Amino acid sequence: MRRTLLAVLLAVTAAVAAPVSGTAQPSNSDREPGNGPERNEIAALDTISAQAVAAQGENRADRYQGYPRRTALRTYPENPADKAIKLNLAPYHSLAPRLNALQRKSDRVSVEVVGQSGLGRDLYLVTLTAPESSVQTRLQERFRAAIEEGHKVPAGLYKAPIWINNNIHGDEWEGTDGALRVIEHLATSNDRDTQNLLRRSRIYFNITANPDGRVAGTRTNNAGFDLNRDFVTSSQPENRAMREIVERTQPLMMLDEHGYSENTLIEPTTPPHGQNYDFDLYIKHGYANGLAMEKGVQGLGYPETAHPEIPFRDYAPGVWDGWAPIYTAQYSMYHGAISYTIEIPQQVNRQAYDTLPVAELQRRAKINTDVVESTVRTTIGFVDDHRGELISNQTEMFRRGKAGEPQREIPDGFVPGFGPEDRYRTEFPRAYVLTDDRSAAATARLVDHLVAHDVRVKRAERPFTLGGKRYPAGSYVVDMHQPKRALANVMLEQGSDLSAKVPVMYDISGWSHRLLWGASVDIYRDGPFQFTGRDVVAAAPTGTVDAVPGADLALTLDDEKDALAVNDLLGRGLALRRQDDGTIVVPAAERLAAREVADRYGVRFTTAGPGGTALQRKTIAAAVGPDELQVLRESGFDVRTISTAVLNAGFDWSRIDVLLVSSGLNYPQLNATAKAALDEFLKRGGVITRGATGGRFNVDAQLLQATPVAGWEDANGVVNVVNGTGPVGTGALPHSFVYAPQWFTNLGPGVNVDQRYGSTVIAAGHWRPRDDGTGGQAAAAGQAAVVSGTASTGARVVLFGTEPMFRNHPKGLYAQVARAVYWAATR
């Protein structure tokens, strides 16, 4: 009996072996399975699953757990300070009891805890679908995996996945409340349409992506990060949870519910559209459902919702672009979703929250919640109406990637308004090869990051040759004939200089894990490809101690992991030395400790030369942004946060070695006592500055003779740099990152140029001159980007005009900061 049932299951799934042709399947416009082949397919699935469950046992432990998945959610104490309460919206503490009650009431609703916020609040994934046995769930997973391989599946049997993400900005509340309305309707409604819908669909809701921000009424999470800028970096726990959701669910469509845009904003975006997308597979349905959502919002009948705006149709290029993979919607497209950012219309946060009457705030919040509900319902209906086409559409995207096919040329008018300004394409290389040439630790981190994002990486089992270069066994290869090649490429390519293509960009327009993460990555453009390797689940260990026995050990600061190892050893009280080129020396007697940190952090120790200055553990007083604070602490530094107010209130400088200034500290605004204490510190301690605030501090405190010059304030991206000597320039990468860049002129005697901007400044990004012609790339070319020197007070000073810790992204630049800290604090 069991053998027969397994054979039947294999027969049902055999259809997944045939590749999809790329032609769309007919629309599933009849939502009821009461007629035709769909009814027979569903009945067959039910029969096969019931028989298999009877044979295998309902309680079999299986990772393909069926639905419902009832989780007894822990509850939180009532918090009267929750900012949602004033708006008559759901406070966070009300969510678990509400979801627990729904799970008891309905067998269509399942809740899982998919992670915790920075403050430890649970993140809830709610799934609405008709009950499934574990065998049915296994079959759905087979279909999902088959689609990712580019194989067609029986559309009548595959439950269409839809993902609704809410409240990623904590003070944009109403996505949560609109989602709850839809969840409660789908969970409890007895009408036939709802029941049939859930037999054909799985609808996933991330109830609140940012519970800490929801409670506090802040855009950012508790660590101060904008979560809608972190997807290809995944530095925050909330983003890692969302990444896992989109990988696991592989939605056909997704919405990211935001606020506030006066007339309601519904994507698709303006150009530039990400050059790695198969945009033809996105824009047809993306625009059609955008128009459908617009009609639904207008149908609410509020004057405030009468004129929604669709950036693709209504905005100039660059105003609301779809370029960067840092946003939820744009990132989700790389996992096969037709996705949208939705901006609900009536502002209730920030100044409005504090100044408007409560009744007006609640009136606005009610309208916003209605808009959320409308967009969600419209999208669910659109997916159900076009299920076959959307499944085929997603399958085709993955098929093209695995086959290595070029992107399609999209003709003008493909959808109304599509023209030359919308046409962005790229040529995918055949493969990327990652080696340990520069930093094994950096390469391992990048490999693990790619794998975590569902990019397929292989590790060579024997030496091989590509493009005339011989690579050793153990090298990593990203074969670009893979389903999610677009995601692999958007992380590993250089990117483009968009400066001449669009006048503005919404946010950053350049990033590159290959150029900024410190790994050695080669590009193999095209040609024969013969390679034997194993799929990577996690990068191989990289830590080594290669020093001659009995000799002192050397650690070169090429990566954040190297700094972390140094700070670990300093924290143990070891007597380390710093050499003039920045190399850190560990005494031969501490070889065992070196071995421990090599294994822990994956760093490499070699034989050290003579000399060096004693190095102790360093404590930093930091007037910095949240991203820089996280980087410093993740690098193992002891950090005390300061500001103008903190210093004016009285601050103990006695245990501080280095002052780091990038925001929140204004020298002229210090009172006399605070200024005197700081001036006294500057006679013995080091100083590192970054950006406009840091440049002003250097001038006001009369440290280095160096005039800061501000580039165009909106300029951002990956820049080419030419490295000199000095604490930062030695051993640095040939690329850096800027956001509102600076450079330095009128350098005084003894001021060293560690880095200059290249003759071609932007490698990837957007940097134009101001309207008066100043601040552009031409003015920055060849100018000093990072300088160092000793002030008249005796303080060692480093001035950064670049952004080496921006949003915890450019991992390969963190070693520059560590080098600056150790140098500035050395006397």
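The values are calculated or read from the model by the stated rules, or taken from the named source; none is laboratory data. Just so it is clear, the model here is predicted, and its values are computed rather than measured. Using ideal geometry, Cβ is built from the backbone for each residue, glycine included, and neighbour counts are taken over all protein chains shown. Accessible surface areas use protein heavy atoms only, side chains included; no ligands, DNA or RNA. Shrake-Rupley method; radii C 1.70, N 1.55, O 1.52, S 1.80 Å.
Please work out the ratio of the alpha-carbon Rg of the range 511-654 to 2.2 N^0.38 Å and round it to two decimals.
Rg over 2.2 N^0.38 Å, computed on Cα atoms: 1.33.
Out of every Cα-Cα pair in the range 364-417, what percent are more than 16 Å apart?
67 percent
Starting with the highest mean, order 750-762, 508-520 by the number of other Cβ atoms within 10 Å, averaged over the residues of each peptide.
The most tightly packed comes first, giving 508-520, 750-762.
If you average the alpha carbon positions of the range 339-368 and of the range 179-213, how far apart do those two centres end up, in angstrom?
23 Å
For a quick check: with amide H placed at 1.01 Å from N, whose amide H comes under 5 Å from L466's, ignoring anything fewer than 5 positions away on the same chain?
Close amide H contacts, sequence-distant or interchain: Y471.
Along each of its three principal axes, how wide is the spread of alpha-carbon positions in the range 582-661, in whole angstrom units, largest first?
Projected onto its principal axes, the Cα set of the range 582-661 covers 47, 25, 19 Å.
Size of the dipole of the chain about the Cα centre, Lys and Arg at +1 and Asp and Glu at -1 on the beta carbon, nothing else charged, in debye to 20?
Around 1980 debye, computed over the chain.
Semi-axes of the equivalent ellipsoid for the range 450-571, please: Cα gyration tensor eigenvalues, times 5, square-rooted, ordered largest first, whole Å.
31, 24, 14
What ranking do 732-738, 695-701 get when scored by the average of other Cβ atoms within 10 Å per residue, highest first?
Ranking, from highest mean packing down: 732-738, 695-701.
For M253, which sequence-distant residues (separation of 5 or more, or a different chain) have an amide H within less than 5 Å of its own amide H, given hydrogens modelled in the peptide plane?
Under 5 Å from the amide H of M253: W163, I338.
Which lysines have a Cα lying under 29 Å from the Cα of K811, excluding residues fewer than 8 positions away in the same chain?
K458, K469, K484, K501, K561, K618
For the range 647-697, what is the per residue volume of the convex hull drawn over the alpha-carbon atoms, in cubic angstrom?
In the range 647-697, the Cα convex hull volume per residue is 73 Å³.
Have a look at V548, A621, Y757 and report the one farthest towards the positive end of the charge dipole of the chain, computed about the Cα centre with Cβ charges (Lys/Arg +1, Asp/Glu -1).
V548
Please report, to two decimal places, log10 I(q)/I(0) for the range 302-359 at q = 0.15, 0.28 Å⁻¹ as given by the Debye formula with identical point scatterers on the Cα atoms and no solvent.
-0.68, -1.14
Given the C-alpha centroids of the range 596-639 and the range 802-824, what is the distance between them in whole angstrom?
For the range 596-639 versus the range 802-824, the Cα centre distance is 11 Å.
Rank T176, Y287, W712 by how far each Cα sits towards the positive end of the charge dipole of the chain (+1 on Lys, Arg Cβ; -1 on Asp, Glu Cβ) and give me just the farthest.
The listed residue farthest towards the positive side: T176.
Percent of accessible area on the chain owned by carbon and sulfur, 1.4 Å probe?
C and S atoms contribute 50 percent here.
Per residue and in cubic angstrom, what volume does the convex hull of the Cα atoms of the range 426-470 have?
111 Å³
Enumerate the lysines that K295 could reach by cross-link, defined here as Cα to Cα under 30 Å, with residues fewer than 8 away along the same chain left out.
The qualifying lysines are K159, K284, K366.
Using the Kirkwood formula on the Cα atoms of the range 295-435, what hydrodynamic radius do you get, in angstrom to one decimal?
Evaluated on the range 295-435, it is 18.7 Å.
Stokes-Einstein D for the range 661-742 at 20 °C, 1.002 mPa s, Kirkwood Rh over Cα pairs, in µm²/s?
D = 147 µm²/s.
Expressed as a whole number of Å, what is the distance separating the alpha-carbon centroids of the range 402-472 and the range 116-177?
27 Å
Find the Cα radius of gyration of the range 169-247, compare it with 2.2 N^0.38 Å by division, and give the number to two decimals.
Normalised by 2.2 N^0.38 Å, the Cα Rg of the range 169-247 equals 1.33.
When only Cα pairs under 8 Å and 6 or more residues apart are kept, what is the percent relative contact order across the chain?
Over the chain, the number comes to 10 percent.
Along its principal axes, what span do the Cα atoms of the range 79-208 show, with the longest given first and each in whole Å?
50, 34, 22
Over all alpha-carbon pairs of the range 689-778, lay out the pair-distance distribution in 10 Å bins, whole %, shortest bin first.
17, 46, 33, 4
Any idea what log10 I(q)/I(0) is at q = 0.17, 0.20, 0.21 Å⁻¹ for the range 675-827, Debye with uniform C-alpha scatterers and no solvent?
Log-scaled intensity ratios, in q order: -0.90, -1.22, -1.33.
Run through every distinct alpha carbon pair of the chain and return the Kirkwood hydrodynamic radius in angstroms, one decimal place.
Hydrodynamic radius (Kirkwood, Cα pairs) of the chain is 28.7 Å.
Kirkwood hydrodynamic radius, computed over distinct alpha-carbon pairs, for the range 615-759: how many Å, to one decimal?
16.4 Å
Over its Cα atoms, what ratio of radius of gyration to 2.2 N^0.38 Å does the range 786-827 give?
So the range 786-827 has a normalised radius of gyration of 1.26.
Let me spell out the model: positive unit charges on the Cβ of Lys and Arg, negative unit charges on the Cβ of Asp and Glu, origin at the Cα centre of the range 706-827. What dipole size does that give, in debye rounded to 20?
So the dipole magnitude of the range 706-827 works out to roughly 420 debye.
In debye to the nearest 20, how big a dipole does the range 132-228 give about its Cα centre with +1 on each Lys and Arg Cβ and -1 on each Asp and Glu Cβ?
Once rounded to the nearest 20, the dipole reads 580 debye.
Under the rule of at least 5 residues apart or a separate chain, name every residue whose amide H is placed under 5 Å from the amide H of L557.
When sequence neighbours closer than 5 places are left aside, the close amide H contacts are I584.
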